[in-house]
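J.: I'd like to ask some things about the structure below.
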Amino acid sequence: MPNLYPLIRPVLRRLAPETAHALTLRALEAGLGRFMTDRAARQPDPPMLAQRLWGLDFPNPVGLAAGFDKDARVPEALRSFGFGFVEIGTVTPRPQPGNPKPRLFRLEEEQAIVNRMGFNSGGLDAAVDRLERCRHTGIVGVNLGKNRDSSDAIADYAEGIRRASRVADYLVVNISSPNTPGLRDLQRRAALQSLLAPLLRDRDENRRPLPLLVKIAPDLTAEEREDIASVALAAGIDGLIVSNTSVGRPEGLVSPYAIESGGLSGRPLFAASTALLADMYRLTRGKLPLIGVGGVTSAAEAYQKLRAGASLVQLYTALVFAGPGLVTDIKKGLAELLRADGFTGVAEAVGAPAARFRNSSEAVAAADLPP
Ligand SMILES: Cc1cc2nc3c(=O)[nH]c(=O)nc-3n(C[C@H](O)[C@H](O)[C@H](O)COP(=O)(O)O)c2cc1C
């Protein structure tokens with residue numbers, strides 16, 4: 001089957017970002033995903049990339065981050081790009097339109113995106129229904145949010161847990177989107193404690209008690225990081241996703257869209273999100289599986305996330321710039337980097353101290369690893 005992505009890509013790049021995204025989803029719904037990758041994407045993963053976490057067998061550690069398939073329209077087509085897992089959402093209990101357009105901006109110069117989508121969502125009913133009907137074979141996480149006009153965040157997340165537990169493999173409480181007013185305040189110690197206790201109770205009472213993760217923002221003070229780590233450990237959540245998009249703008253961005261309000265993702269987010277990841281690994285003393293996300297564009301960066309303490313990684317923005325073939329490239333490179341450093345599997349490299357690294361040190365140094 002020919003890989004037509006190199007032909008499609010220039011067309012997509014000329015369209016407005018949200019139009020290009022809508023068109024991509026439609027093409028995937030129409031079953032055209034198999035024309036967007038080559039045969040390598042359909043080969044089984046090297047066994048050394050496999051890992052068992054939360055009782056789930058991940059064939060490889062590279063996942064699709066939330067936001068690409070918010071309404072669970074094409075999880076299976078996305079898995080067939082070679083992802084080890086796919087996270088759908090953020091889905092809110094009731095449908096809502098999100099913010100006015102334009103709300104999605106490509107920063108070509110930086111290979112970054114600024115978005116202020118604002119949880120545009122078809123709602124839980126539609127997403128759960130789709131997941132029930134589609135025959136998906138891989139691991140699917142459901143990322144849960146609250147409605148913008150809801151005054152009871154706990155009730156919204158609880159509803160998400162109750163209804164998505166039937167169809168998900170893991171659940172994510174997203175309290176870090178910068179585009180829903182007040183949402184990130186739920187990351188503060190007292191708010192987080194009062195949110196997580198009832199949600200974990202609801203989760204435990206469910207007929208299918210699923211792993212429950214919390215997704216955090218990159219823009220956190222040292223005190224907020226410590227608070228989140230201690231609440232996460234004490235409450236007994238199953239993992240953290242580090243991180244969402246940033247309201248900050250690193251110096252030196254030249255794209256005219258850098259000044260748009262919203263969350264920044266892609267290349268310029270790598271350093272901050274990886275430093276936060278390393279911090280959260282240290283603060284949780286390696287006791288909590290972490291998913292590292294933010295600015296992964298290559299195998300070397302995925303490897304750095306593992307070294308910084310991630311058990312799994314996710315990406316979104318790099319897929320927009322490099323296309324689906326990137327997933328295969330990252331997996332291949334990751335296996336090589338692991339092998340070069342004498343690891344026999346992914347889990348061994350998670351948070352492994354720098355002394356263990358010999359042969360891949362050049363690649364890692366090139367990507368500016370935190371100490
Ligand atoms: C257009 C867009 C929409 C997003 N929507 C969501 C979302 O609904 N929920 C969420 O948790 N993260 C969302 N994200 C954040 C990503 O999941 C990810 O955390 C972030 O983009 C950093 O990864 P990246 O640099 O690989 O893109 C979105 C990102 C983008 C670019």
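The values are calculated or read from the model by the stated rules, or taken from the named source; none is laboratory data. If you're wondering where the values come from, they're calculated on a predicted model, not measured in any experiment. Positions of Cβ are generated from backbone atoms using ideal geometry, with glycine treated the same way; all protein chains shown enter the neighbour counts. Heavy atoms of the whole protein, side chains included, go into the accessibility calculation; ligands, DNA and RNA do not. Shrake-Rupley method; radii C 1.70, N 1.55, O 1.52, S 1.80 Å.
J.: Just a yes or no: is a residue in region 116-126 under 25 Å from ALA310 (Cα atoms) and within 16 Å of the ligand (Cβ to nearest atom)?
T.: There is no residue in region 116-126 that is under 25 Å from ALA310 (Cα atoms) and within 16 Å of the ligand (Cβ to nearest atom).
J.: Now for a different question. Kindly state which strands (runs of 3 or more DSSP E) lie completely within region 51-98 and contain at least 2 residues that are within 15 Å of the ligand (Cβ to nearest atom) and among the aliphatic types (A, V, I, L, M).
T.: So the answer is 62-64, 85-91.
J.: Follow-up question, since we're still on this one. Would it be correct to say that GLY295 is buried (at least 21 other Cβ atoms within 10 Å of the Cβ) and more than 12 Å from the ligand (Cβ to nearest atom)?
T.: Taking the combined requirement at face value, the residue does not satisfy it.
J.: Within region 14-32, identify whether any single residue is open to solvent by 60 Å² or more (accessible area, probe 1.4 Å), among the acidic types (Asp, Glu) and part of a helix (DSSP H, G or I), and answer yes or no.
T.: yes
J.: Another question about this same structure. Answer yes or no: is there a residue in region 221-234 that is open to solvent by less than 40 Å² (accessible area, probe 1.4 Å), assigned to a loop (DSSP other than H, G, I, E, B), touching a helix residue (DSSP H, G or I) at 6+ places or on another chain (Cβ under 8 Å) and not acidic (Asp, Glu).
T.: no
J.: I've got another one for you. Only residues that are within 14 Å of the ligand (Cβ to nearest atom) and open to solvent by less than 40 Å² (accessible area, probe 1.4 Å): list them for region 259-279, please.
T.: Passing the criteria: GLY262, GLY263, LEU264, SER265, GLY266, PRO268, LEU269, PHE270, SER273, THR274, LEU276, LEU277.
J.: Looking at region 229-238, can you tell me whether even one residue there is within 16 Å of the ligand (Cβ to nearest atom) and modelled with pLDDT of 95 or more?
T.: Checked against the condition, which is being within 16 Å of the ligand (Cβ to nearest atom) and modelled with pLDDT of 95 or more, region 229-238 yields at least one hit.
Condition check ((1) more than 18 Å from the chain's Cα centre (by Cα); (2) more than 28 Å from GLN43 (Cβ to Cβ)) across all residues:
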| position | (1), (2) |
| --- | --- |
| GLY266 | no, no |
| TYR281 | no, yes |
| ARG285 | yes, yes |
| THR297 | no, no |
| GLU301 | no, no |
| LEU319 | no, no |
| ILE330 | no, no |
| PHE343 | yes, no |
| ALA347 | yes, no |
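J.: Which condition does PRO102 not pass, out of (1) surrounded by fewer than 19 Cβ atoms within 10 Å (Cβ to Cβ); (2) away from the ligand (no atom under 14 Å from the Cβ), if it passes all the others?
T.: The single condition PRO102 does not satisfy is (2).
Per-residue answers, yes or no, for (1) among the basic types (Lys, Arg); (2) open to solvent by 60 Å² or more (accessible area, probe 1.4 Å); (3) in contact (Cβ under 8 Å) with a residue 24 or more places away in the chain; (4) within 16 Å of the ligand (Cβ to nearest atom):
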position: ASN143; (1), (2), (3), (4): no, no, yes, yes
position: ARG148; (1), (2), (3), (4): yes, yes, yes, yes
position: ALA153; (1), (2), (3), (4): no, no, yes, yes
position: VAL167; (1), (2), (3), (4): no, no, yes, no
position: ASP185; (1), (2), (3), (4): no, yes, no, no
position: ALA190; (1), (2), (3), (4): no, yes, no, no
position: ASP202; (1), (2), (3), (4): no, no, yes, no
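J.: So ASP45 clears everything in (1) open to solvent by 30 Å² or more (accessible area, probe 1.4 Å); (2) under 30 Å from THR344 (Cβ atoms); (3) within 16 Å of the ligand (Cβ to nearest atom) except one condition, right? Which one?
T.: With (1) open to solvent by 30 Å² or more (accessible area, probe 1.4 Å); (2) under 30 Å from THR344 (Cβ atoms); (3) within 16 Å of the ligand (Cβ to nearest atom) applied to ASP45, the lone miss is (3).
J.: Cβ-Cβ below 6 Å, separation at least six or inter-chain, first residue in region 254-282 and touching a residue at least 60 places away in the same chain (Cβ under 8 Å) and among the hydrophobic types (A, V, I, L, M, F, W, C), second more than 8 Å from the ligand (Cβ to nearest atom) and open to solvent by 40 Å² or more (accessible area, probe 1.4 Å): which pairs?
T.: VAL254/GLU109; ALA258/ARG249
J.: Would you point out the residue of region 235-257, among those that are among the small types (Gly, Ala, Ser) and assigned to a loop (DSSP other than H, G, I, E, B), that is nearest to GLY309 (Cα to Cα)?
T.: SER243
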